Structure formats: C-alpha cells, structure tokens
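Reviewing the structure listed below.
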Amino acid sequence: MTAPFYVPPEQLIKDRADFARKGISRGRPIIVMEYIDGVLLIGENPGGYLHKLGEIYDSIAFAGVGRFNEFETLRVGGIRYADLKGYSYGRRDVTAKGLANAYSQTIGQIFTHEVKPYEIEVFVAEIGDDASATRLFRIQFDGTLITADGFGAIGGGEEALGETLADQYEAGATLDTVISTAADAIEAVEERQVDDGDWEAAVLDRTLGRRRFRQVGPEEIGAARSAS
C-alpha cells in the first residue's frame, strides 16, 4: 500500500491563503465609508449586471469581492438567515454582528476543510438611529473577522486604499464628500478614470424609513463629484 503524500499543515494553510489572496487581488475594490447620515458602499462595476452590493435586512447591507458565485451564495444565505431570525424572534434581533459571525464560521470552515477555499472577502455594514450604533465588519477569505472604524476597503489595492482613506476620512462628512473621496481614491489606485455609469454604489441612510438601503445612481454620483 502506497503511503499518502504528506504536506505539513502550515504549508497547506499558506498555500490556501496565497491562492485566495491572488484571486481576491484581481477583483475591483470596494470602499465602505461612514457619512453623516449613514454608510456609503461604492466600487467599480462596469455593466452592473452582477451586483456586488446588496440589502440583507432593514438596516444591514452587504458588499463582496472575488468570485461572484461564492459571495452571492453568502449574500443569499445571509438574507435567509436574517428573515428566519427576524420571523422567529424579532426584527431587532437581526444584527450585523450575528450575520458577520455566521459568515466567519462558514468561510473559516470552507478554508480549513475544503479542497479549494473561497476566493472572496465581504463587508457587512449596519446603521442605527445615530452614528454611535454604526457597525462595520470585514470577513476575510480564511474566516477572520475584523471590525472597521469609519471606513474600510476590500479587493485589489486594499492596502493603498486604506492608507489613502486614513489621510482623507473625516467623521460627519456629507454624502457628496464621501462619494467624491471614495471614487477619487479608487481611481488613484487603479490609475485611470472611471465613468459615472461604471460605478455601483448604495447607502444605508438613517433618514429613510424602516428599510434604510437605497441604490445610488450614476447621475447622483456625477453630481456629487462635480460639487466636491
């Protein structure tokens, strides 16, 4: 009987991490940033047929980069999780923290036990009745759960974006300002201009009703960048 080929666990984990990072780095970046009335999510998405941003529940939004089929599976699963928990207990029991923990466990299990890890990173954002209730969670390809304060980035060039945003982010900025800041940062990293129609953007806006998620169209993006 032939002995099975042995790979040290640390080498196996490293190889899986390198594989996932390469896939994620090819994805166009997404920025999540707080503003005075909520949270902005924005990234380049030419054509816009496959959405990278979406609503999970009343005040919770999702953003994903990497392989579309993998993060879309998580997004749909998150909606089902939120609907079931809201129905079984109450709408206030559905939180970004609970959803992020569920995503972390799922992605971590796949990274550890499956042959191929997910080549994705996701953001989960939640707003409340005031800025102190805002929650931003980033879940990495290995299930690592990170909280973000004010802003965050995932996808290609995320380190450079993080440095740029750290210098430019201001708490309490208007929506027009954060749209312009985020778009400028992405264009600087990509080293090219992006047409207004090639952006995908959405906000969680606490001035809205129970459902606080809304999409931001190219006309609004263009007007915001012109005004800044």
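List of remarks:
- Filter result for residue 62 (modelled with pLDDT under 95 and aromatic (Phe, Trp, Tyr)): no
- If the condition is being β-branched (Val, Ile, Thr) and out of contact with any strand residue (DSSP E or B) (no Cβ under 9 Å at 6 or more places or on another chain), then segment 21-62 contributes only 36.
- Restricting attention to segment 175-196, the residues being touching a strand residue (DSSP E or B) at 6+ places or on another chain (Cβ under 6 Å) and not in a helix (DSSP H, G or I) number 1.
- Close pairs from segment 97-120: first within 12 Å of residue 12 (Cα to Cα), partner assigned to a helix (DSSP H, G or I) and of a type in the set (Lys, Arg), Cβ under 8 Å, at least 6 apart: 111/16; 117/16
- In the condition set (1) modelled with pLDDT under 95; (2) over 25 Å from residue 134 (Cβ atoms), residue 90 is compliant with all but (2).
- Any hit, segment 164-171, residues being in contact with a Pro (Cβ under 9 Å, 6 or more places away or on another chain), in contact (Cβ under 8 Å) with a residue 40 or more places away in the chain and over 23 Å from residue 50 (Cα atoms): no
- Residue 133 fulfils the conditions (1) out of contact with any helix residue (DSSP H, G or I) (no Cβ under 7 Å at 6 or more places or on another chain); (2) in contact (Cβ under 8 Å) with a residue 40 or more places away in the chain; (3) closer than 23 Å to residue 173 by Cα except for a single criterion, (2).
- Of the residues making up segment 181-219, those that are over 15 Å from residue 153 (Cα atoms), among the acidic types (Asp, Glu) and surrounded by 14 or more Cβ atoms within 10 Å (Cβ to Cβ) number 3.
- As a summary of the residue check, residue 161 satisfies the conditions (1) closer than 30 Å to residue 11 by Cβ; (2) touching a strand residue (DSSP E or B) at 6+ places or on another chain (Cβ under 9 Å); (3) part of a helix (DSSP H, G or I) except for the one numbered (1).
- The residues of segment 152-172 that are of a type in the set (A, V, I, L, M) and either modelled with pLDDT of 95 or more or under 17 Å from the mean Cα position of the chain (by Cα) (or both), listed by number, are 153, 154, 160, 161, 165.
- Being touching a residue at least 40 places away in the same chain (Cβ under 8 Å), under 29 Å from residue 82 (Cα atoms) and not hydrophobic (A, V, I, L, M, F, W, C) holds for only one residue in 211, 225, 138, and it is 211.
The values are calculated or read from the model by the stated rules, or taken from the named source; none is laboratory data. Note that the coordinates shown come from a computational prediction; the quantities given were computed from them, not determined experimentally. We place every Cβ from the backbone using ideal geometry, glycine too, and count neighbours over all the protein chains shown.
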